[in-house]
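Please read the structure below before turning to the comments.
The values are calculated or read from the model by the stated rules, or taken from the named source; none is laboratory data. None of these values were measured; they are calculated from a predicted model. A quick note on method: Cβ atoms are made from the backbone with ideal geometry, for glycine too, and the neighbour counts reach across all protein chains shown.
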Amino acid sequence: MTTDSLHMKTSSPSSVPATQPDTMQMAFSHSRVSDFKSSMPSISMLLPRDTINASRPQPIAAARWRIMLPWGICGNLRLAEIVFHGEVLGCSHPDVVARRPVAVLFDEAADLGESLIHSQNGLAFDLKNAYHGNRSLVLNPSRNTASAKADPVYRGPQYVHTLPNWDFEIVERPQPGQYRYVQLACRGTLQTKSIGLHLTGSANETVDLVAGALPVNPSSTVRQLAADVPTEWQVFKVDLWEAFRKKPVRLQAMSLSCAGGAAWFDQIVLSQTETNLDGIRQ
């Protein structure tokens, strides 16, 4: 289980009872507690009689937590209550936590791989053809289809298709940790008819940034980056505040698409201002 997009820290020591240990992992023992006459004891019998006061909790700040079970344990394990004592700090992306003016969505890191590259969707890392550094993302249509789309892997009914650590605030006048502009580099081949970058907010607001042919019946807001697909690397910059119809959005997902031929994507970043993008490779 993960919180995925929220960054938390523990609260200061207080007299309020707290669970212990205050760590990122919890382990359960095989040990036999007692014998019950009935085959299915009441859940209340398994709850602790007393709470434990956390007089000196170990402070943590993290976006994910997990429960570790010893090998071989199975069946009828019920968690009555799991409580985090602390404060929600907001988006857990490292660039947001550090209040940087530019947040890197993709460049040299491979963190998007576990979320976007799956189910043989045609997306892969290209280590020989990059706009910046040594790595780009390449999307190839399969032999049986003329188009391809890479959506984030489905993470259950609560997180749906969101990306881990993504909860970027898009606003008109960004403060530290907030953003307004997106910039990306992309290219295709002579056969590529369109390249698309699709950004989705927490309320399912979607903006499609498209180079080349526009979709026939768009189901979201579409911004055309260029009338033709560039066959060499080209950089595009978009005002997301304007693209999302001048409404604040919490950006939580991104998809990539292409039609007719392959498409490459590189150095996708968010920025507070257009000036902040001057230091990004042009």
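Condition first: among the hydroxyl-bearing types (S, T, Y) and either within 17 Å of the chain's Cα centre (by Cα) or under 14 Å from R100 (Cβ atoms) (or both). Now tell me which residues in segment 246-274 satisfy that.
S255, S271, T273
If you take the residues in segment 77-96 that are outside any loop (DSSP other than H, G, I, E, B) and in contact with a Phe, Trp or Tyr (Cβ under 8 Å, 6 or more places away or on another chain), which one is nearest to V269 (Cα to Cα)?
Among those that are outside any loop (DSSP other than H, G, I, E, B) and in contact with a Phe, Trp or Tyr (Cβ under 8 Å, 6 or more places away or on another chain), it is V96.
Taking the conditions exactly as written (crowded, with 24+ Cβ neighbours inside 10 Å, among the hydrophobic types (A, V, I, L, M, F, W, C) and in contact (Cβ under 8 Å) with a residue 12 or more places away in the chain), does L190 satisfy them or not?
no
Which one of these is in contact with a His (Cβ under 9 Å, 6 or more places away or on another chain), surrounded by fewer than 21 Cβ atoms within 10 Å (Cβ to Cβ) and within 30 Å of V88 (Cα to Cα): Y159, Y154? Working first, answer last.
Working: Y159 fails: in contact with a His (Cβ under 9 Å, 6 or more places away or on another chain).
The unique qualifying residue is Y154.
Does S119 satisfy being among the small types (G, A, S), more than 21 Å from G212 (Cβ to Cβ) and within 14 Å of the chain's Cα centre (by Cα)?
Numbers: among the small types (G, A, S): yes; more than 21 Å from G212 (Cβ to Cβ): yes; within 14 Å of the chain's Cα centre (by Cα): no.
Criteria not met by S119.
Consider A263 carefully, then state whether it is surrounded by 17 or more Cβ atoms within 10 Å (Cβ to Cβ), within 26 Å of Y159 (Cα to Cα), assigned by TED's automatic domain parsing to the domain that holds V207 and among the aliphatic types (A, V, I, L, M).
For A263, the condition - surrounded by 17 or more Cβ atoms within 10 Å (Cβ to Cβ), within 26 Å of Y159 (Cα to Cα), assigned by TED's automatic domain parsing to the domain that holds V207 and among the aliphatic types (A, V, I, L, M) - is not met.
Looking only at residues in segment 97-122 that are among the polar types (S, T, N, Q) and assigned to a loop (DSSP other than H, G, I, E, B), which one is surrounded by the fewest Cβ atoms within 10 Å (Cβ to Cβ)?
Applying the first criterion (among the polar types (S, T, N, Q)) to segment 97-122 yields 115, 119-121.
Still in the running and assigned to a loop (DSSP other than H, G, I, E, B): 119-121.
Values: S119: 10, Q120: 7, N121: 17.
The residue in question is Q120.
Quick one: is L163 part of a strand (DSSP E or B), under 22 Å from the mean Cα position of the chain (by Cα) and in contact (Cβ under 8 Å) with a residue 40 or more places away in the chain?
no
V138 - would you say it is not assigned by TED's automatic domain parsing to the domain that holds A185 and not in a loop (DSSP other than H, G, I, E, B)?
So V138 fails the test.
Could you grab me the full set of residues in segment 123-132 that are touching a residue at least 60 places away in the same chain (Cβ under 8 Å) and either part of a loop (DSSP other than H, G, I, E, B) or touching a Lys or Arg at 6+ places or on another chain (Cβ under 8 Å) (or both)?
D126, N129, A130, Y131, H132
Can you name the condition, by its number, that Y181 falls short on among (1) buried (at least 21 other Cβ atoms within 10 Å of the Cβ); (2) closer than 22 Å to G261 by Cα?
(2)
Looking at the structure I just gave you, is V138 more than 22 Å from S271 (Cβ to Cβ), surrounded by 13 or more Cβ atoms within 10 Å (Cβ to Cβ) and out of contact with any Leu (no Cβ under 7 Å at 6 or more places or on another chain)? Quick ask: steps written out before the conclusion?
Working: more than 22 Å from S271 (Cβ to Cβ): yes; surrounded by 13 or more Cβ atoms within 10 Å (Cβ to Cβ): yes; out of contact with any Leu (no Cβ under 7 Å at 6 or more places or on another chain): yes.
So V138 fits the description; yes.
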